[in-house]
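**Student:** For reference, the structure I am asking about is given below.
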Amino acid sequence: MRLKQPFETSFGATHDRPCILVKLRYGDVEGWGEVVAGEGPWYSYEDIETAWHILTQFLVPSVIGKNVDSPDKFYALFSHVRGHNMAKAGLEEAFWDAYCKFLKQPLYKVIGGERDKIESGVSIGIKNTINALIKTVEKYVEEGYKRVKIKIKPGWDVEVVKKLRSEYPDLPLQVDANSAYTFSDASKLKELDKFNLLMLEQPLGYDDLVDHASLQEMLKTPICLDESIGSVDAARAAIALKSCRVINIKPGRVGGILASKRIHDLCLEAGIPVWIGGMLETGIGRAHNVALATLPNVKFPCDISASDRYYDEDLVEPPFTLKSDGVIAVPKKHGIGVDILEDRVRKFTVKSIKAKA
Ligand code: OSB
Ligand code: MG
C-alpha cells in the first residue's frame, strides 16, 4: 500500500507499507485481520517475510479445520509458537471478526467496549525542516485532530518541540522516540519537561524496562511504553518496576485482541491509563484498533487517524473519517463493522495462498 506521504521515524522512512491480510472462514461467515509487520526488522524483529513464513508454516496449519468456539480456544491452538506476535495477531483478528459476525454482534461490544466514538490523534513523522513540520501540524489541526504526536530523535527533539510549543501553546502534544536514546541522554530528555507534553513515548531501548524506570523517576512528563510492552508479562513487569505511567497498546505488537484486552484490564487495575497505537494500518487493522479504543481504560486520544491521512484508496467501505470534533465513529455492524472491498484488495495483491482443511 503506497502511503500518501512517506512516514519517517527514528529508525527510517516508510514509503510503501507491505501488508498481509488474513481472511478466515468460520461456519458461513468470514473474518478479516491484518498483519502489521513492516518491510524490515526495525520496529520489531518481525518483518513481512518472517510473518508470511510463520503464518503459512506454523499458525495456519495449526488452526485449519479445527472446531473451536471461543477466541481463547482459537489462540490456544498456536500459543506454543514463541513470539511472532504480529503474525499471530493478524490471524487472531480474523477469527474475532468472524466470531463476532457469527454471534451477530459488533466486535467492540463483544470485548466490552463502552463508547460509540473514539478520540483520534495524529502521529507525524520527522520532516526536513521545522517549518515543514509546523505546516503539517497546521493542516491536521485544521482538519480537526485534537492531539498531535511528533516523532523525535537525537538532533530533532528539544528545539523542535520548543518551536512547535511556541506556535501551539495549548495543543495536546506528545513525542515518540522509538527507542532512539539511551540513559546517558537523560539530561537532554529532562529538558522536555518544560513543554507540558502529554507523554514521552518509548525513549529508551525496546526491551529495557530498568532504565525506563530510572528515567521515569527523574521526569515530570509521563513515559508511555510502546515497543517495550511485547506481552502481558512485559506489561506486568513494567507496572511492577514503575517503568512508565502510560501504556500504548497495539494488537500487532502483543499478539492480538485477547492479549490487548488483558493488558488493558491489568492496567485498569493498576491505575495505568492506556491508549491504542497504530502501525499505519489499512482500514482492516484500523477497524480492529477502533474496537479496542472503545474500552473504558482508554484515556487518551489514539493513533487512529482517518483513512485519508494514510491512503488514497483504503480497503474498506465506508472508510474511516474524522468528524469536525476530532472523533471517529465506531462502526455498528457485526464484527469489525466495515465491508472489505475485495476487488481493491485483489488489485493490490502480489501474492496469495489458500489453505484448506
Ligand atoms: O511507534 O507508534 C509508533 C508507525 C509505525 C511504526 C511505529 C509507530 C508508528 C506510528 C504511526 O506512530 C501511528 C499511526 O498508525 O498513525
Ligand atoms: Mg510508538
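**Student:** Hey, any hits in the stretch 165-173 for a residue that's at pLDDT 95 or above, under 29 Å from P296 (Cβ atoms) and crowded, with 20+ Cβ neighbours inside 10 Å? Reasoning before the result, please.
**Tutor:** Residues of the stretch 165-173 at pLDDT 95 or above: 165-173.
Now narrow it down to the ones that are under 29 Å from P296 (Cβ atoms): 170-173.
Cutting the leftovers down to crowded, with 20+ Cβ neighbours inside 10 Å gives us 173.
Checking the stretch 165-173: at least one residue is at pLDDT 95 or above, under 29 Å from P296 (Cβ atoms) and crowded, with 20+ Cβ neighbours inside 10 Å.
**Student:** Looking only at the stretch 174-199, which residues are away from ligand 2 (no atom under 15 Å from the Cβ) and among the aliphatic types (A, V, I, L, M)? Explain how you work it out, then say what you get.
**Tutor:** Filtering the stretch 174-199 for residues away from ligand 2 (no atom under 15 Å from the Cβ) gives 182-196.
Once the filter is applied, which keeps residues that are away from ligand 2 (no atom under 15 Å from the Cβ) and among the aliphatic types (A, V, I, L, M), the stretch 174-199 yields A186, L189, L192.
**Student:** Scan the stretch 88-132 for residues that are at negative phi, surrounded by fewer than 22 Cβ atoms within 10 Å (Cβ to Cβ) and either in a helix (DSSP H, G or I) or over 20 Å from the mean Cα position of the chain (by Cα) (or both) and report the count.
**Tutor:** Result for the stretch 88-132: 11.
**Student:** What is the residue count in the stretch 144-159 for residues that are in contact with a Leu (Cβ under 8 Å, 6 or more places away or on another chain) and within 16 Å of ligand 1 (Cβ to nearest atom)? Steps first, answer last, please.
**Tutor:** Taking the stretch 144-159 first, the residues in contact with a Leu (Cβ under 8 Å, 6 or more places away or on another chain) are 144-145, 147-150, 157-158.
Checking the rest, the ones that are also within 16 Å of ligand 1 (Cβ to nearest atom) come to 144-145, 147-150, 157.
Residues in the stretch 144-159 being in contact with a Leu (Cβ under 8 Å, 6 or more places away or on another chain) and within 16 Å of ligand 1 (Cβ to nearest atom): 7 in total.
**Student:** Let me ask something else about it. Would you check if there is a residue in the stretch 170-183 being under 18 Å from the mean Cα position of the chain (by Cα), farther than 28 Å from F320 by Cα and of a type in the set (V, I, T)?
**Tutor:** no
**Student:** Given the structure, is I229 within 16 Å of ligand 1 (Cβ to nearest atom) and not in a loop (DSSP other than H, G, I, E, B)? Don't jump to the end; show me each part of the working.
**Tutor:** Numbers: within 16 Å of ligand 1 (Cβ to nearest atom): yes; not in a loop (DSSP other than H, G, I, E, B): no.
For I229, the condition - within 16 Å of ligand 1 (Cβ to nearest atom) and not in a loop (DSSP other than H, G, I, E, B) - is not met.
**Student:** Somewhere in the stretch 232-242, is a residue in a loop (DSSP other than H, G, I, E, B) and either in contact (Cβ under 8 Å) with a residue 24 or more places away in the chain or of a type in the set (V, I, T) (or both)? Walk me through it before giving the result.
**Tutor:** Quick first cut of the stretch 232-242, residues in a loop (DSSP other than H, G, I, E, B) only: 242.
Cutting the leftovers down to either in contact (Cβ under 8 Å) with a residue 24 or more places away in the chain or of a type in the set (V, I, T) (or both) gives us 242.
Yes; the residues of the stretch 232-242 include at least one that is in a loop (DSSP other than H, G, I, E, B) and either in contact (Cβ under 8 Å) with a residue 24 or more places away in the chain or of a type in the set (V, I, T) (or both).
**Student:** Of C244, C302, which residue is within 11 Å of ligand 1 (Cβ to nearest atom), outside the structural domain of L59 (by TED's automatic domain parsing) and touching a strand residue (DSSP E or B) at 6+ places or on another chain (Cβ under 9 Å)?
**Tutor:** Details: C244 fails: within 11 Å of ligand 1 (Cβ to nearest atom).
The unique qualifying residue is C302.
**Student:** Residues in the stretch 309-321 that are touching a residue at least 24 places away in the same chain (Cβ under 8 Å) and either surrounded by fewer than 17 Cβ atoms within 10 Å (Cβ to Cβ) or touching a Phe, Trp or Tyr at 6+ places or on another chain (Cβ under 7 Å) (or both): how many? Show your work before the answer.
**Tutor:** At the first step, the residues of the stretch 309-321 found to be touching a residue at least 24 places away in the same chain (Cβ under 8 Å) are 309-317, 319-320.
This time we only want the ones that are either surrounded by fewer than 17 Cβ atoms within 10 Å (Cβ to Cβ) or touching a Phe, Trp or Tyr at 6+ places or on another chain (Cβ under 7 Å) (or both), so: 312-313, 317.
Total meeting the criteria: 3.
**Student:** Follow-up question, since we're still on this one. Can you confirm whether F348 is within 16 Å of ligand 2 (Cβ to nearest atom) and either in contact (Cβ under 8 Å) with a residue 60 or more places away in the chain or surrounded by fewer than 21 Cβ atoms within 10 Å (Cβ to Cβ) (or both)?
**Tutor:** Numbers: within 16 Å of ligand 2 (Cβ to nearest atom): no; either in contact (Cβ under 8 Å) with a residue 60 or more places away in the chain or surrounded by fewer than 21 Cβ atoms within 10 Å (Cβ to Cβ) (or both): yes.
Spelling it out, it is not the case that F348 is within 16 Å of ligand 2 (Cβ to nearest atom) and either in contact (Cβ under 8 Å) with a residue 60 or more places away in the chain or surrounded by fewer than 21 Cβ atoms within 10 Å (Cβ to Cβ) (or both).
**Student:** Is it the case that the stretch 303-319 has a residue that's within 16 Å of ligand 2 (Cβ to nearest atom) and of a type in the set (A, V, I, L, M, F, W, C)?
**Tutor:** yes
**Student:** Continuing with the same structure: Just to verify a result, which residue in the stretch 179-215, among those that are crowded, with 21+ Cβ neighbours inside 10 Å and polar (S, T, N, Q), is nearest to F11 (Cα to Cα)?
**Tutor:** Per the stated criteria, the residue is S179.
The values are calculated or read from the model by the stated rules, or taken from the named source; none is laboratory data. What you see is a predicted model; the values in this text were computed from it and never measured. Every residue, glycine as well, gets a Cβ built from its backbone with ideal geometry; the counts of neighbours run over all protein chains shown.
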